[in-house]
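Everything on this sheet refers to the single structure shown next.
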Amino acid sequence: MSTFDRYAPFIQDYIYQNNWNSLRAVQAAAADVIFQTDENLLLTASTASGKTEAAFFPILTLFWEDMPSSVGAIYIGPLKALINDQFSRLNDLCAEADIPVWHWHGDVSQSHKSRLLKHPSGILQITPESLEALLLHKHSYIQKLFGDLRFIVIDEVHSLMRGDRGGQTLCLIERLCRLAGVNPRRIGLSATIGDPADAGRFLSAGTGRRTLIPKIESKGITWRLSMEHFYTQDVQAADGKKIEGALEVLSEATDQAPAAADPGIGYIFDHTRGRKCLVFVNSREECEAVTTTLRQYCETKHEPDRFLIHHGNLSESYRETAEEIMKDETSFQTTVTTATLELGIDIGRLERAFQIDAPYTVSSFLQRMGRTGRRELPPEMWFVIREEPAHPRALLPTTIPWKLLQGIALIQCYLEERWVEPPRMDRLPYSLLYHQTMSTLASCGEMSPAELASRVLSLTYFRHVTQDDYRMLLRHLLQTEHLQRTEGGGLIVGLSGERVINNYKFYAVFQENEEYTVRSASEEIGTVVKPPPVGEKIALAGHVWTVNEIDHKRHLIYCELVKGKVPAYFGDVAGDIHTKILERMRQVLSEEKSYPYLMKNASARLASARHSAQNSGTCEHSLIPLGGNMYCFLPWLGTYSFLALERFLKIKCGARLGLRNMDSFRPYFLQFVISVSQEAFWKIIQEELEKPLDPMDLVYKNEVPIFDKYDEYLPIELVKKGFAFGVLDIEQMQKRLRQLCERYCSSTSI
């Protein structure tokens, strides 16, 4: 029997109605696994390849043949927008078979949720945070809701594999299945999985099943890709130069951006006119600033406003308005957005995507590129790299176009090797451990310490947490009144814990934007979103400040003025750049290869950077003299191994090196003064590497490195341990330093 013949009649009708001449490879592969086996399934195929339908066609066929007596399938999506988009698509598909489709998140009406509680059936679409709320507040309904649950579909599964949100999702699935007494099959969907085997292990954790990963042959896709560079003012890199082989873009507009426009933003303004486009930026702050600027250009040119905005801090009405306008095939507006429109949601015949500067990951690049290329159009992305002109007296490392190199490296890593960032599965998730402990206790009521430990530590994601660590956590939570002991010796949620749990923000394990006020003596400097550790520096009000003290309860940072220049503190997992990307950036700078997607300014800027690097030895040497006793150190390491390097140099080598005035431009370079020669520098590094290194040694004295959302409620010992063993990439740092020291031993020209 063919796959099509095996489908339920209403599925066959749906295929006919949509004028599909044949099934796609991903649909045949998914049907084979779901119909013929009892294993889990990971579907990895390009964006807009029909993965959602591929998963649900056989699932709904099985439901049509034997209808579940409860919710039969849960669809977990990372974003409300994706849930809403898939809800309408699945509703159309299921209507003829009378299979209900429910969605459940913060913007869904209470009446819709109440109907599900009364008549549990069909498919439930939900975010991880709403699933947390459901387990917490509807604990007694779980058996009725999910007693015949057969499938859990996790969309954009890659987005859950690099932080605690993915761990939370796994914990919630395991808790729900235990309460309901079921072991449903799991199906993961993604277009950007680097190592499918790793993703398969993540998906199968705790199920006792294998994950089958069918190899799906895809037809070749031609990308339309360009990258241009702009100085924010004055002359551009290609002005007055003839650039061989660089792309030229002819203006598509009858008029131009205002004469005084920021060149990069003006370029976007010109080339979005009369088209439906997305403009991706890397932060909410930049999203607001770019949108405001583009709208000002419309006003200056006496044009109607044609720009929309979409990010996570906007209200539901603003987000949904932008989504609906973009879905309108007759609309030619452009939306400036963060990652909120990066995943899954189909916004119709999108003609072009822009990316301001480089995203942090190959995965993000592919997802953002994949928003285009639907409705038979090729995927199209224009990178717009913006850079402040270098000061005439600027030191060498600050003149390197880091974002340009990063953008090229991201593209080349995928084009050359099909490489995508692997999951981070080795962290010690103590913050999530607190969260799941409090959630379990709040939902289940009084439990003995042994029973609570058994419930929580048996969750697969906490397999590396020891009984001693958990005992320390429970004792601390009792001392801080997050937990309370009953007369019978059991544990319940304490007064301090109630305040945390009763806040709607408790459902999420990712850090919200909470502002900290920055003060120096009696002067208030301003606010920052996320504070760096004590001893680090922040840039604010046109100056650089060293953090002396942080009051997390009152959200205050106390600091003092210093000289220098620093980038914004990275903080979030989203800003984590992999070592592979930094290494490819070095290769971009050192090789003579040209890249066909570079345009005139970008080609000229890269050529000048390569010339400067060749003259200064930037690619051949890791320690570059800048004059006097000042040096630049270029380790070409990813964010968390770079962070470990900073601490290793300061704590383990600083005194012997005479190290002072260290400025970190993480993860690109370090700048510092030392009192020893270059030869002595490497000898000292080598000697310190030979000594045993306890990761806890790289935590500063008196530092409590709050890194994840609930770290502030943990005992200090666990905060330090989680940071030292789970955040700092010490192994990669040591490997790189040993490579450099080995090179020094064979040559003194480093």
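The values are calculated or read from the model by the stated rules, or taken from the named source; none is laboratory data. Remember, predicted model here, so these are calculated numbers, not experimental data. For neighbour counting, all protein chains shown are included, and Cβ atoms are generated from backbone atoms with ideal geometry for every residue, glycine included. Each accessible area value is taken on the protein alone, full model and side chains, heavy atoms only, with ligands, DNA and RNA left out. Shrake-Rupley method; radii C 1.70, N 1.55, O 1.52, S 1.80 Å.
Here are the numbers for this structure:
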quantity	calculated
Conditions (1) more than 30 Å from residue 731 (Cα to Cα); (2) within 27 Å of the chain's Cα centre (by Cα); number of the one not met by residue 494	(2)
All positions within region 16-59 that are charged (D, E, K, R) and over 26 Å from the mean Cα position of the chain (by Cα)	24, 32, 38, 39
Residues (more than 26 Å from the chain's Cα centre (by Cα) and open to solvent by 10 Å² or more (accessible area, probe 1.4 Å)) located in region 131-148	136, 137, 138, 139, 140, 141, 143, 144, 147, 148
Number of positions in region 65-92 that are over 27 Å from residue 161 (Cβ atoms) and either buried (at least 20 other Cβ atoms within 10 Å of the Cβ) or in contact with a Pro (Cβ under 8 Å, 6 or more places away or on another chain) (or both)	2
Checking residue 12 against (1) open to solvent by 10 Å² or more (accessible area, probe 1.4 Å); (2) under 13 Å from residue 153 (Cα atoms); (3) of a type in the set (S, T, N, Q), the condition it does not meet	(2)
Selection within region 700-743 - open to solvent by less than 20 Å² (accessible area, probe 1.4 Å), in a helix (DSSP H, G or I) and aromatic (Phe, Trp, Tyr)	723
Sole exception among (1) closer than 30 Å to residue 193 by Cα; (2) open to solvent by 40 Å² or more (accessible area, probe 1.4 Å); (3) in contact with a helix residue (DSSP H, G or I) (Cβ under 9 Å, 6 or more places away or on another chain) for residue 391, by number	(1)
Number of positions in region 363-388 that are modelled with pLDDT under 90, under 25 Å from the mean Cα position of the chain (by Cα) and either open to solvent by 50 Å² or more (accessible area, probe 1.4 Å) or farther than 27 Å from residue 189 by Cα (or both)	0
Flag for residue 691 being modelled with pLDDT under 95, outside any helix (DSSP H, G or I) and basic (Lys, Arg)	no
Residue match in region 5-25 (condition: among the β-branched types (Val, Ile, Thr) and within 30 Å of residue 414 (Cβ to Cβ))	no
Conditions (1) over 28 Å from residue 710 (Cα atoms); (2) assigned to a helix (DSSP H, G or I); number of the one not met by residue 201	(1)
Failed item in (1) out of contact with any strand residue (DSSP E or B) (no Cβ under 7 Å at 6 or more places or on another chain); (2) assigned to a loop (DSSP other than H, G, I, E, B); (3) not polar (S, T, N, Q), with residue 275 passing the rest	(1)
Test result for residue 442, in a helix (DSSP H, G or I) and either open to solvent by 20 Å² or more (accessible area, probe 1.4 Å) or of a type in the set (S, T, N, Q) (or both)	yes
All positions within region 156-172 that are open to solvent by less than 10 Å² (accessible area, probe 1.4 Å) and not aliphatic (A, V, I, L, M)	166, 167, 168, 169, 171
Region 628-676, residues that are farther than 30 Å from residue 421 by Cβ, assigned to a helix (DSSP H, G or I) and either of a type in the set (S, T, N, Q) or free of Cβ contacts under 8 Å to residues at least 24 places away in the same chain (or both)	654, 655
Any hit, region 69-77, residues being farther than 25 Å from residue 173 by Cα and touching a helix residue (DSSP H, G or I) at 6+ places or on another chain (Cβ under 6 Å)	no
Any hit, region 64-72, residues being on the phi < 0 side of the Ramachandran plot, within 32 Å of the chain's Cα centre (by Cα), at pLDDT below 95 and not β-branched (Val, Ile, Thr)	no
Residues that are over 29 Å from residue 267 (Cα atoms) and buried (at least 21 other Cβ atoms within 10 Å of the Cβ), drawn from region 600-622	618, 622
Verdict on residue 124 being surrounded by 20 or more Cβ atoms within 10 Å (Cβ to Cβ) and not in a strand (DSSP E or B)	no
Residue in region 550-581 that is modelled with the highest pLDDT, counting only those that are under 22 Å from residue 634 (Cα atoms) and hydroxyl-bearing (Ser, Thr, Tyr)	579
Looking only at region 458-471, and only at residues there that are surrounded by fewer than 17 Cβ atoms within 10 Å (Cβ to Cβ) and in a helix (DSSP H, G or I), the one that is nearest to the chain's Cα centre (by Cα)	460
Selected residue [farther than 24 Å from residue 433 by Cα and aromatic (Phe, Trp, Tyr)] from 707, 681	681
Unmet requirement for residue 136, which otherwise passes all of (1) of a type outside the set (D, E, K, R); (2) in contact with a helix residue (DSSP H, G or I) (Cβ under 6 Å, 6 or more places away or on another chain); (3) farther than 30 Å from residue 707 by Cα	(3)
Matching strands (runs of 3 or more DSSP E) fully within region 18-121 where at least 1 residues are small (Gly, Ala, Ser)	73-76
Residue within region 414-426 that is modelled with pLDDT of 85 or more, assigned to a helix (DSSP H, G or I) and in contact with a helix residue (DSSP H, G or I) (Cβ under 8 Å, 6 or more places away or on another chain) present	yes
Long-range neighbours under 9 Å by Cβ, at least six apart or interchain, first residue among the β-branched types (Val, Ile, Thr) within region 677-696, second not in a helix (DSSP H, G or I)	684/676
